[in-house]
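Shown next, in C-alpha cells, is the structure this report addresses.
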Amino acid sequence: MDDTYDIIVLGTGLTECILSGIFSVEGKKVLHMDRNDYYGGDSASLNLTQLYRKYRPDTEVPAELGRDRDYNIDLIPKFMMANGEIVRFLTHTDVTRYLEFKQIAGSFFYKDGKISKVPTTETEAVTTSLLGIVEKRRLQKFFEFVQNYKDDDESTHEGLDINTNAMVDVYAKFGLEPSTQDFIGHAMALHLDDQYLQKPARETTEKIILYVASMARYGKSPYIYPLHGLGELPQSFARLSAIYGGTYMLDKAADEILYENGVAVGIRSGSETAKAKQIICDPSYAKEKVKTTGKVVRAICFLKHPIPNTTEADSVQIVIPQNELNRQHDVYVASVSSNHAVCPKDMYLAIVSTLVETDDPESELKAGLDILGPIHDKFISVSDIEEPIADGTSEQVFVSKSYDASSHFETVCDDVKSIYRRMTGSDLVLKKRSEADHIDA
C-alpha cells in the first residue's frame, strides 16, 4: 500500500465506484479502499449472514430461510430508468459487459385505498380507472402538450413558457385535478414532495418525457434492475477500474486523511500510508466535512407472496403520494423476487422507504407495510442523509452525498458529474446515446 497514486477513493458505494472506474479509464492511478469486506457500502446487496450481522448481530440466521448464497438483499431500494442517465454511464464505460438486467414488471400508484397502474400513454390515459371521463380527456391533452412542446415553435406552447411558468401554471392550463397532479408529479416525474409545483415546469416536463421514453423501451414499466441485486453495479465499476490498473483493498480501514498546509496528501491505514493529490470518499469517512439534511427510514421485508393487487407481478414500484397520507413526502415500495436472482423461489423482497418527519420513523412506513400483505420478517433502519459542507476544492477531499429517498439513480448521476467537475475543472462528457446504446432486459 505504501505507494503514490493520483487519486485515493474511500468507500465502494456506487458513486465512488463510478468515479473510480471513469478515472481509471482516463489513465489515472487509483487506490480504492473499503473498511467492509464486501463491495457497495450503503448501496450493497448482502447475503443472509451479512444482513443478520448488520441488523441482528446476536441472532442466528433461521435455517428455514434457506441457503446464504441464494440471497442478494439490497440495502437501498432504487431502480434504473431504462432511458436514464445511469444507463448512459453504464454504456459509456462499457460496464454493461459485466451485467445482466431484467425488467421491473409494473409501476403502480396508490389512490383512495387502491393500487392502480400508472397511465403513461395517451391510450392508457383514456382507459385508466384512476380518472373520470372528462379528466381523461384533459390528461390526454396534457400528454400531447408535453410530447409536442418545442422551444422554437410557439404553436406548440399553448400560451405557456416552460422555462418561466411554474408547473402549477401548466396544470391549471389543462384543468387537471389535484389527484391527477399527484400521479404525474410523484409517480411519473418522481418528485419526493410538492416543492416542484412552484418551480419552472421544464424540469418536470423533462422528467415526464424520460419516464414515458423509458416506458416505451420495454413496455411493462420504465424500470430495469440488475440480476443478483444493485450491489452488482458498484462491483462492475470496480472491475472496470481494476482492468485499467486500479488497486482494490476490501476490509481495509482508512484511519486518517493526511494533510500538509491544509491540503490532502494521502491516507493512513494502521502503520501504512498511501499518497495522492486527491481523495474521494463517502460521508462515513469524513464526518467532520458533512452536514445532516434529513433522515430516511427503510424496512427490508421478506414476503412469501407477490404484493396483493399488483396482478401477481414478480417486481413492482408503488408510489404512495404524500397527499394520500397527509404527509410532506411520499412513501415508496419497491419489490423484487427470485426472478431477479436476489432470493429463493417463492420468496419476495420488498423495501418500504420514506423521509423521516416524526419521532416515530417506523410508524411512517405503515401505509406501505399495510399493502404488502402478510410479512414473514422485516428489518428496519434509519439513516442520516448527509452532504458535504464545502465543495472540496480547497482541501482536495471530495465527499459524495449519501443516498436519498428517491427510487431511482438520477440524483446519484448528478453527484458523480458534480464531483468530476470539481476535481477536473471540466464537465464529464458521456458518449452520445445511439439506438444501439441500450440495455437488453
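For the chain, what is the calculated [θ] at 222 nm in deg cm²/dmol (nearest 500), taking -39500 (n - 2.57) for each run of four or more DSSP H residues and dividing by its residue count? Please report the intermediate quantities before stating the final value.
Numbers: 12 runs with 117 residues, N = 441.
Computed mean residue ellipticity for the chain: -7500 deg cm²/dmol.
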Checklist outcome for this item: Plugging the Cβ-Cβ distance of D153 and S426 into 1/(1 + (r/R0)^6) at R0 = 41 Å yields, to the nearest 0.05, a FRET efficiency of 0.80
Item to check | Inverse of mean 1/r across different Cα pairs in the chain, Kirkwood, Å | outcome: 22.9
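Carbon and sulfur: what percent of region 258-301's accessible surface (1.4 Å probe)? It would help to have the intermediate numbers written out before the result.
Details: 960 of 1940 Å².
Ligands and nucleic acids excluded, carbon and sulfur give 50 percent.
What are the trypsin sites (Lys or Arg not before Pro) within region 344-430 that DSSP puts in a loop, where the Cβ has at most 16 other Cβ atoms within 10 Å?
Values: sites: K345, K366, K378, K401, K417, R421, R422; in loops: K345, K401.
Those that pass, being in a loop and sparsely packed, are K345.
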Item to check | Anisotropy class of region 9-156 from Cα gyration tensor, a/c 1.5 cut | outcome: oblate
Checklist outcome for this item: Subtracting the Cα-Cα distance of I209 and E288 from 0.36 nm times their residue separation yields 24.5 nm
Checklist entry - Where does the Debye-calculated log10 I(q)/I(0) of region 281-439 sit at q = 0.10, 0.18 Å⁻¹, using only Cα point scatterers of equal weight, no solvent? => result -0.50, -1.10
Checklist outcome for this item: Violations at 27 Å Cα threshold for listed pairs K141/K366; K199/K289; K78/K136; K199/K291; K29/K102; K199/K378 -> K141/K366; K199/K289; K78/K136; K29/K102; K199/K378
Checklist entry - Among the DSSP beta bridges whose two residues both lie in the chain, what percent are antiparallel, rounded to the nearest 5? => result 70
Checklist entry - Distance from the Cα centre of region 1-62 to that of region 388-404, in angstrom? => result 18
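Whole number in Å², please: accessible area per residue of region 106-148, 1.4 Å probe, ligands, DNA and RNA not counted.
Working: 2120 Å² over 43 residues.
Normalised by residue count, the accessible surface of region 106-148 is 49 Å².
What FRET efficiency would be calculated for the residue pair K277, V134, taking the C-beta separation as r and a Förster radius of 60 Å, to the nearest 0.05? Before the final figure, lay out each step's value.
Numbers: r = 63 Å, r/R0 = 1.05.
Once the sixth-power term is evaluated, E becomes 0.45.
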Item to check | Viscosity 1.002 mPa s, 20 °C: Kirkwood-radius Stokes-Einstein D of region 237-332 over Cα pairs, µm²/s | outcome: 115
Checklist entry - Roughly how tilted is helix 202-218, in degrees to the nearest 10 and between 0 and 90, from the longest Cα axis of the chain? => result 90
Item to check | Computed label-point distance, nm, for sites N309 and D3 using a 7 Å Cα→Cβ extension | outcome: 5.7
Next on the checklist: Please compute the per residue accessible area over region 296-339 with all protein chains in place, 1.4 Å probe, rounded to a whole number of Å².
Outcome noted: 32
Checklist entry - With r defined as the distance between the Cβ atoms of D377 and M249 and R0 fixed at 41 Å, what FRET efficiency is calculated, to the nearest 0.05? => result 0.75
Checklist entry - Using the eigenvalues of the Cα gyration tensor, what equivalent ellipsoid semi-axes result for region 100-228 when each is taken as the square root of five times the eigenvalue, whole Å, largest first? => result 24, 18, 14
Item to check | Per residue, in Å², the accessible surface of region 188-246 once ligands and nucleic acids are set aside, probe 1.4 Å | outcome: 36
Next on the checklist: On C-alpha positions alone, give me the angle between the axis of helix 410-424 and the longest principal axis of the chain, in degrees, nearest 10.
Outcome noted: 40
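The values are calculated or read from the model by the stated rules, or taken from the named source; none is laboratory data. Note that this is a predicted model, so its numbers are computed, not measured. Cβ sites come from the backbone with ideal geometry, for glycine too, and all protein chains shown count toward neighbours. The area values use the complete protein model at the heavy-atom level, side chains included, leaving out ligands, DNA and RNA. Shrake-Rupley method; radii C 1.70, N 1.55, O 1.52, S 1.80 Å.
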